[in-house]
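Q: Please find one structure pasted underneath; my questions will follow.
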Amino acid sequence: MTIRLLGIFAGLGLTAVLVLWSLVPGLVNFAMPEKPEYYAFQEANIAPEGGFSFEGPLGTWDTQQLQRGYQVYKEVCSACHSLKYVAFRNLEDFGYTEEEVRAEAASWTVPGINQETGEAASRPGLPTDQFPSPYPNEIAARAANNNAVPPDLSLITKARKDGVNYIYSLMLGYTEPTAEDLAKSPDFETPDGLYFNEHFYNINIAMAPQLTPDRVTYADGTAATPEQMAADVTAFLAWAGEPSLIHRKQMGWFVILFLLFATGLAYLSKKQIWAELKSKKD
């Protein structure tokens, strides 16, 4: 009996040590994060007025906004950024018909294979294809972007802290450093080939400002201001990162209601069972 108790306590002690070993470093890093040499001058991200429609427990996708965001991605972002985890057929999720998806896919050129020679070739896209990369390889991407590889945007809102607000802020963060900014880092400078962005983590970014007024012409007549385009493309990228977001929220409410019903049913069952036992005892 004594040996068994010692074994149980030893196991519990080892478990506690392992739990502390895994939690303590994370808590320390959270409490005392390392500061990089340069950091974003505007540490608080901004958000569009009224926020995004998909935020909150009752959020929904704004299909018109997603279509506008896709247009911004296609006409602006796709020149440098890939979307490799999203297929053309997924566009049906926010209002495109099968015929429209087929036509949209065909407007893109994707890598393929010549069926006669077996050599690499290009062909019009199919609904089952993923969005293609604008560059054949990493070397070509670096050569075209001052040695910086443009990140894939499929999961960008999930990969960055404060995802959607960060992307929205980044798109609008191209300004000139103020005196207060320079006071935070007197030795700061923007090298040739880079651009100052007050919301970018390292401040100097290789991507030039993209969302100039009327850069795109929206099919629904919405005014293409930088703020509007930034909000639209951010919403589209949020959808690309988690297309099932709204379905997951709706399922969560169903699960909560089911658990509340099951809890009430269990409570009533308990009352009935114990009432019978109590009456027998009396």
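Here is a yes/no grid of residues against (1) more than 30 Å from V164 (Cα to Cα); (2) at pLDDT 95 or above:
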residue	(1), (2)
Q228	no, yes
A238	no, yes
H247	no, no
Y267	yes, no
K270	yes, no
E276	yes, no
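Q: On to the next question. Return the pair list, or none, for Cβ contacts closer than 7 Å from residues in the stretch 168-186 that are under 11 Å from N197 (Cβ atoms) to residues that are among the hydroxyl-bearing types (S, T, Y), at least 6 apart or on different chains.
A: Y174/Y195
Q: Which members of the stretch 37-85 meet the condition of being free of Cβ contacts under 8 Å to residues at least 12 places away in the same chain and either crowded, with 19+ Cβ neighbours inside 10 Å or assigned to a helix (DSSP H, G or I) (or both)?
A: Across the stretch 37-85, the qualifying residue is only K74.
Q: Restricting attention to the stretch 256-267, does a residue exist that is farther than 16 Å from Q64 by Cβ, surrounded by 11 or more Cβ atoms within 10 Å (Cβ to Cβ) and either among the basic types (K, R) or in contact with a Phe, Trp or Tyr (Cβ under 9 Å, 6 or more places away or on another chain) (or both)?
A: No, the stretch 256-267 contains no residue that is farther than 16 Å from Q64 by Cβ, surrounded by 11 or more Cβ atoms within 10 Å (Cβ to Cβ) and either among the basic types (K, R) or in contact with a Phe, Trp or Tyr (Cβ under 9 Å, 6 or more places away or on another chain) (or both).
Q: Out of all the residues in the stretch 213-245, which are more than 13 Å from the chain's Cα centre (by Cα), touching a residue at least 12 places away in the same chain (Cβ under 8 Å) and assigned to a loop (DSSP other than H, G, I, E, B)?
A: Matches in the stretch 213-245: P213, R215, V216, Y218, A219, D220, T222, T225.
The values are calculated or read from the model by the stated rules, or taken from the named source; none is laboratory data. Keep in mind the model is a prediction, meaning the values are calculated, not measured. Note: ideal-geometry Cβ built from the backbone for every residue, glycine included; neighbour counts use all protein chains shown.
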